Amino acid sequence: MIVLGFESSCDETGVALVDAAVKSVPRLLAHALFSQIDMHQAYGGVVPELASRDHIRRVLPLTHEVMQQAQRTLAEVDVIAYTRGPGLAGALLVGAGVACALAAALGKPVMGVHHLEGHLLSPFLGADPPEFPFVALLVSGGHTQLMRVERVGSYELLGESIDDAAGEAFDKSAKLMGLPYPGGPHLSKLAESGDGAAFKLPRPLLHSGNLDFSFAGLKTAVLTQAKKLGSELESRKADLAASTQAAIVDVLVRKSMSAMAQTGLNRLVVAGGVGANALLREQLNAVCLKRGIRVHYPELHLCTDNGAMIALAAGMRLQAGLESLDGSYSFDVKPRWPLAELVA
Ligand code: KG4
Ligand code: ZN
């Protein structure tokens, strides 16, 4: 079963072709991505209207590129998938509209996919795919969640951020330090030459007794520290970046370990943009090794938004018999859409 997937929920246009044959491991045939980061950088964050317009410009050339890379024709595609939500409404509508129009023109079925389900299944395209059940730590720009994943389509929320997401904490702290958007990768690069113990920053909800997160206080603490440093900020920036990263990673690692203990599971899957963070991977690898927990990550280039995870999630849902493709080409998008609503 060949699935063509479109991702356009935020500032990346992703298109991919995945072979999700029944009884075999899903295989990525080709994928192409255009990141709008340069365009939004001047504004310090994503401008939704500009994002939508750029998705329109990129989506068809990327589709041609993918088909060419895979040496396939559109006639060979069995299903077309798109991100239905959550995300920016206008941006989602571009992917949904193109997917449905293309599907109607080709007479193929079309399917809307949950963006976070894409992220959390993305390690299945890696060299070391997980087995069910597992705990998933979903850490993206918009979400920080711990989920118990029993099988495809069965996601139990164990805890989540009550305010900012982990990626947002990286991005907002980075912005306060004058780093470009999106701050996560820039902050973590700068942190390499800093001391993570230089500043004592808060680890909110670490001892809350539940699996929820809170990161809003961290950016306030970073701001206070930056003001205190005044003219010294420039020379201590790497230390502040390293201390910020250490605080975020510390909370993510310890809460993940609490989730492992609470569920009694011994497999952890990390997904979403922050899953690309080297310190997070290093610390999780170390603690999981000690506790006999297997930890799985998506390939680095599939951590952030991409079309491959959307095509993959569609393929895996179809394989699991969770979707009936009704031949209708009407569509809606869901800018807000809790993953738990998907439960099979
Ligand atoms: O999953 P994603 O691409 O988009 C959403 O669905 O939100 O995640 C983007 C987030 C941004 O906040 C970005 O700063 C963060 O992931 N990110 C990182 C790293 N790479 C991306 N954060 C920390 N370290 C990184 N290496
Ligand atoms: Zn995402």
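When you scan segment 79-89, do you find a residue that is surrounded by fewer than 20 Cβ atoms within 10 Å (Cβ to Cβ) and either away from ligand 2 (no atom under 16 Å from the Cβ) or hydrophobic (A, V, I, L, M, F, W, C) (or both), even just one? Reasoning before the result, please.
Taking segment 79-89 first, the residues surrounded by fewer than 20 Cβ atoms within 10 Å (Cβ to Cβ) are 89.
Of the ones still in play, those that are also either away from ligand 2 (no atom under 16 Å from the Cβ) or hydrophobic (A, V, I, L, M, F, W, C) (or both) are 89.
There is at least one residue in segment 79-89 that is surrounded by fewer than 20 Cβ atoms within 10 Å (Cβ to Cβ) and either away from ligand 2 (no atom under 16 Å from the Cβ) or hydrophobic (A, V, I, L, M, F, W, C) (or both).
For segment 198-215, how many residues meet the condition of being within 21 Å of Leu137 (Cα to Cα), surrounded by fewer than 15 Cβ atoms within 10 Å (Cβ to Cβ) and modelled with pLDDT of 95 or more?
So the count comes out to 1.
Scan segment 114-149 residue by residue and report those that are part of a strand (DSSP E or B) and either modelled with pLDDT under 95 or under 18 Å from Ala166 (Cβ atoms) (or both).
The first filter runs over segment 114-149 and keeps only residues part of a strand (DSSP E or B), leaving 114, 134-139, 144-149.
Within segment 114-149, Val135, Ala136, Leu137, Leu138, Val139, Thr144, Gln145, Leu146, Met147 meet the criteria.
Out of Leu289, Leu302, Leu284, Leu268, report the one residue that is more than 15 Å from ligand 2 (Cβ to nearest atom) and closer than 12 Å to Pro123 by Cα. Outline the logic, then answer.
On the way: Leu289 fails: closer than 12 Å to Pro123 by Cα; Leu302 fails: more than 15 Å from ligand 2 (Cβ to nearest atom); Leu284 fails: closer than 12 Å to Pro123 by Cα.
Exactly one residue qualifies, and that residue is Leu268.
With Leu265, Leu325 as the choices, which residue is assigned to a loop (DSSP other than H, G, I, E, B), in the same structural domain as Leu137 (by TED's automatic domain parsing) and surrounded by fewer than 22 Cβ atoms within 10 Å (Cβ to Cβ)? Show your work before the answer.
On the way: Leu325 fails: in the same structural domain as Leu137 (by TED's automatic domain parsing).
Exactly one of Leu265, Leu325 is assigned to a loop (DSSP other than H, G, I, E, B), in the same structural domain as Leu137 (by TED's automatic domain parsing) and surrounded by fewer than 22 Cβ atoms within 10 Å (Cβ to Cβ), namely Leu265.
From the residues in segment 293-320 that are among the charged types (D, E, K, R) and in a loop (DSSP other than H, G, I, E, B), which one is most open to solvent (accessible area, probe 1.4 Å)? Break it down into steps so the answer makes sense when it comes.
Taking segment 293-320 and keeping what is among the charged types (D, E, K, R), we get 294, 299, 305, 317.
Imposing the further condition that a residue be in a loop (DSSP other than H, G, I, E, B) reduces the set to 299, 305.
Details: Glu299: 68, Asp305: 24 Å².
Per the stated criteria, the residue is Glu299.
Kindly indicate whether Leu60 is within 21 Å of the chain's Cα centre (by Cα) and either surrounded by 16 or more Cβ atoms within 10 Å (Cβ to Cβ) or away from ligand 1 (no atom under 16 Å from the Cβ) (or both). Reasoning before the result, please.
Details: within 21 Å of the chain's Cα centre (by Cα): no; either surrounded by 16 or more Cβ atoms within 10 Å (Cβ to Cβ) or away from ligand 1 (no atom under 16 Å from the Cβ) (or both): yes.
For Leu60, the condition - within 21 Å of the chain's Cα centre (by Cα) and either surrounded by 16 or more Cβ atoms within 10 Å (Cβ to Cβ) or away from ligand 1 (no atom under 16 Å from the Cβ) (or both) - is not met.
Which number in (1) within 16 Å of ligand 1 (Cβ to nearest atom); (2) closer than 30 Å to Glu131 by Cα; (3) at pLDDT below 95 marks the one condition that Leu33 misses?
Every condition holds for Leu33 apart from (3).
Which of the residues that make up segment 188-197 are within 15 Å of Leu233 (Cα to Cα) and either part of a helix (DSSP H, G or I) or open to solvent by less than 30 Å² (accessible area, probe 1.4 Å) (or both)? Before you say what the answer is, go through the steps one by one.
Taking segment 188-197 and keeping what is within 15 Å of Leu233 (Cα to Cα), we get 190-191, 193-195.
Matches in segment 188-197: Leu190, Ala191, Gly194.
Does any residue in segment 272-285 that is closer than 12 Å to Asp305 by Cα and within 7 Å of ligand 1 (Cβ to nearest atom) come within less than 7 Å, Cβ to Cβ, of a residue that is part of a loop (DSSP other than H, G, I, E, B) and polar (S, T, N, Q) six or more places away or on a different chain, and which pairs are these?
Gly272/Ser140; Gly273/Ser140; Gly273/Thr304; Val274/Ser140; Ala276/Thr304
Would you please list the contacts, defined by Cβ atoms under 6 Å and residues six or more apart or on different chains, that run from a residue in segment 68-86 that is of a type in the set (Gly, Ala, Ser) to a residue that is modelled with pLDDT of 95 or more and in a strand (DSSP E or B)?
Listed pairs, sorted by first residue: Ala70/Leu17; Ala70/Leu29; Ala70/Ala30; Ala81/Val3; Ala81/Gly5; Ala81/Met111; Ala81/Val113.
If you scan segment 286-309, which residues turn out to be touching a residue at least 12 places away in the same chain (Cβ under 8 Å), aliphatic (A, V, I, L, M) and away from ligand 1 (no atom under 12 Å from the Cβ)?
Val287, Ile293, Val295, Ala308
Going residue by residue through segment 13-23, is there one that turns out to be at pLDDT 95 or above, within 15 Å of ligand 2 (Cβ to nearest atom), on the phi < 0 side of the Ramachandran plot and out of contact with any Lys or Arg (no Cβ under 9 Å at 6 or more places or on another chain)?
yes
Gln145 versus (1) in contact with a Leu (Cβ under 6 Å, 6 or more places away or on another chain); (2) more than 16 Å from ligand 2 (Cβ to nearest atom); (3) farther than 30 Å from Ser235 by Cα; (4) open to solvent by 10 Å² or more (accessible area, probe 1.4 Å): which is the lone unmet condition?
Of the numbered conditions (1) in contact with a Leu (Cβ under 6 Å, 6 or more places away or on another chain); (2) more than 16 Å from ligand 2 (Cβ to nearest atom); (3) farther than 30 Å from Ser235 by Cα; (4) open to solvent by 10 Å² or more (accessible area, probe 1.4 Å), the odd one out for Gln145 is (2).
Report whether or not Lys228 is open to solvent by less than 10 Å² (accessible area, probe 1.4 Å), of a type in the set (D, E, K, R) and either touching a Phe, Trp or Tyr at 6+ places or on another chain (Cβ under 7 Å) or not in a strand (DSSP E or B) (or both).
Values: open to solvent by less than 10 Å² (accessible area, probe 1.4 Å): no; of a type in the set (D, E, K, R): yes; either touching a Phe, Trp or Tyr at 6+ places or on another chain (Cβ under 7 Å) or not in a strand (DSSP E or B) (or both): yes.
Considered against the rule, which asks whether it is open to solvent by less than 10 Å² (accessible area, probe 1.4 Å), of a type in the set (D, E, K, R) and either touching a Phe, Trp or Tyr at 6+ places or on another chain (Cβ under 7 Å) or not in a strand (DSSP E or B) (or both), Lys228 comes out as no.
Out of everything in segment 161-187 that is in a loop (DSSP other than H, G, I, E, B) and more than 16 Å from ligand 2 (Cβ to nearest atom), what residue ends up being least open to solvent (accessible area, probe 1.4 Å)? Give the derivation first.
Start the filter on segment 161-187 by keeping residues that are in a loop (DSSP other than H, G, I, E, B), which leaves 162-165, 177-182.
Still in the running and more than 16 Å from ligand 2 (Cβ to nearest atom): 162-163, 177-180.
Details: Ile162: 112, Asp163: 61, Met177: 5, Gly178: 63, Leu179: 36, Pro180: 55 Å².
Checking each candidate, the answer is Met177.
The values are calculated or read from the model by the stated rules, or taken from the named source; none is laboratory data. Fair warning: this is a prediction, and the values are worked out from it, not measured in the lab. Cβ sites come from the backbone with ideal geometry, for glycine too, and all protein chains shown count toward neighbours. Ligands, DNA and RNA are excluded from the accessible area calculation, which covers all protein heavy atoms including side chains. Shrake-Rupley method; radii C 1.70, N 1.55, O 1.52, S 1.80 Å.
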